[in-house]
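Notes follow once the structure below has been shown.
The values are calculated or read from the model by the stated rules, or taken from the named source; none is laboratory data. Please read all numbers here as calculations on a predicted model, not as lab measurements. Every residue, glycine among them, receives a Cβ derived from its backbone with ideal geometry; neighbour counts consider all protein chains shown. Quick note on the areas: whole protein, heavy atoms, side chains included, nothing else; ligands and nucleic acids left out. Shrake-Rupley method; radii C 1.70, N 1.55, O 1.52, S 1.80 Å.
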Amino acid sequence: MAPLKPFHLVYLLSTILLINCIVEQSTAFTLELIHRFGPDSPFYDANLSYPEITERLNFRTRASKQKKLFTLIKKRNETSFHLKAIRPSFDIDLQQSAFIVKVSLGTFSSRSSSHKSYYLDFDTGSELTWLQCEDCKKHPHQCYRQIEPPYPNSKSSSYRPLPCDQHRLCIPGKCIGNSCSYHVNYAGASNSIGILAKEMFAFPSTSGHNENVPLVFGCGIDNKGSYLQDEDLKVAGIFGMGWGPRSFVTQVHSVSHGKFSYCFPSIHQAVQGLPVFLRLGSDIPLYSTLPSTRLMSYEPEQSYYVNLLDMSINNVRLNIPSAYFRKGGHNIGGCIFDTGTTITHVSRQAYQMLKQAVERHIARTETSLVKVGAMLGYDLCYSRRKPVVGHRNLPSVTFHFDGNADLVVKPETSFYINSQNIHYEYICLAMIPCDGDRITIIGSYTQANQFFVYDIPSKRLHFGSRDCSRNP
């Protein structure tokens, strides 16, 4: 072989550096999360008060949770595709709490835009990403009312339905015509039935332009929504981050390596426009020193279960019987972390013990508080005459998980306070009893100012107290 000339050597070294750069970048992925009532949200209303926002989030949660989900495939292969670093430009404002994600998808010849954009609910309790598609307008199918027109999949040159039973993400034997299908049910008679298809999704990147990512998603052709308010019609579907092969984090495994993190600021900060990020792969900050607990899955459910052992009030154990948190049958019992739920639900028997402990603590330490009826979706509430006292003398609430992992929820997050009345300040325990199925759901309000890392391959959930306004 002839010796390398200087030009060849420079070219070779530059090629190696370029390859190393691409490999390094291909492990990075960060998405924007938008608070439902923040300035970048389609729901934003500058005239909404903090109590009004809280009430809408709480009642929406109670109306829509407790999902009943379809059967999953046990096989879980990695998706391998080449991808540059996907991160938003960090000068973009965005928000958190009951979160939505703005997605762009498809390939269109339109002069105005080559993609179609929609808002989806960000949900760690759902596996599949889906949105309404144009065929829901054809009889006898149905669409739920939506402000944006359903996705015009027939006009996208990159839309490809999955052939019946010929793709690893198909549900065996579940097809509509010659295409793989899906069916998801939710509480309140809401559901979506449609086609599983592959489509190009576009995300912002550090390169200054969008990067296209092929994803399998649900193209909903028969959908029914049950909503309390018209504003929910601005969301087109679900952005699924739950446990399963169709989850977004699993489909981008070559980038995420099955790991993602987030850190939600307080609702006050979120609705004012504080940035919030979903980080995957090497974009996740260091977390090895954080406490962790086991992540557990129970097919066909898609939520991230953890083993909750007990709870404390101001470091005093409640000694709640383990049976109150034990996982039972399908969608019965256990404890999950769920970003699709705002207000935390505690299994009813455990909640009664928690409520009594809070009542005793307040009776001892805050005699100015007078118990009042339920309000804004909360169960245990008090009032007191002003001046404003805030969270002083209110207790912290601790969730004790296996692995000696304790989630300490400070009073600022354990309690909701409304000081907008001229004469009174209202205080509520920001947790409610769960109806019916004994499950405990740790919602996004309780998760505020905690840094979470989901390590799915290792089946560990890492977490620790953080100032999430610093965007870790």
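Between His139 and Thr365, the simple label model (points 7 Å from Cα in the Cβ direction) yields a spacing of 6.5 nm.
Rounded if a/c is under 1.5, else prolate if a/b beats b/c, else oblate: with a ≥ b ≥ c from the C-alpha gyration tensor eigenvalues square-rooted, which is the stretch 286-465? Prolate, since a/c reaches 1.5 and a/b exceeds b/c.
If only the Cβ of Lys and Arg carry +1 and only the Cβ of Asp and Glu carry -1, the dipole of the stretch 286-465 around its Cα centre is close to 540 debye. Shape class for the stretch 362-415, computed from the alpha carbon gyration tensor (a ≥ b ≥ c): prolate, with a/c not under 1.5 and a/b above b/c. Whole Å is fine, so just give me how far the alpha carbon centre of the stretch 401-432 lies from that of the stretch 321-385. Using only Cα atoms, the two centres lie 10 Å from each other. Relative to the current alpha-carbon distance between Lys410 and Ser282, full extension at 0.36 nm per residue lengthens the span by 43.1 nm. Sorting 119-130, 307-318 by average packing, meaning the other beta carbons within 10 Å per residue, from highest down gives 119-130, 307-318. Ranked by the mean number of other Cβ atoms within 10 Å of their residues, highest first, the peptides 443-451, 288-296, 384-392 come out as 443-451, 288-296, 384-392.
A 1.4 Å probe over all protein chains sorts Val370, Val397 by accessible area into Val370, Val397, starting with the largest.
Label-to-label distance, Arg160 versus Lys198, with points set 7 angstrom from Cα along the beta-carbon direction: 0.3 nm. In this calculation the C-beta distance from Ser458 to Val372 is compared with R0 = 45 Å, giving a FRET efficiency of 0.45. Here r is the Cβ-Cβ distance between Ser49 and Lys386 and R0 is 22 Å; the resulting FRET efficiency, rounded to 0.05, is 0.80.
With a cut-off of 14 Å on the backbone N, the residues of the stretch 397-418 near the modelled label site 7 Å out from Lys327 along Cα-Cβ are 402.
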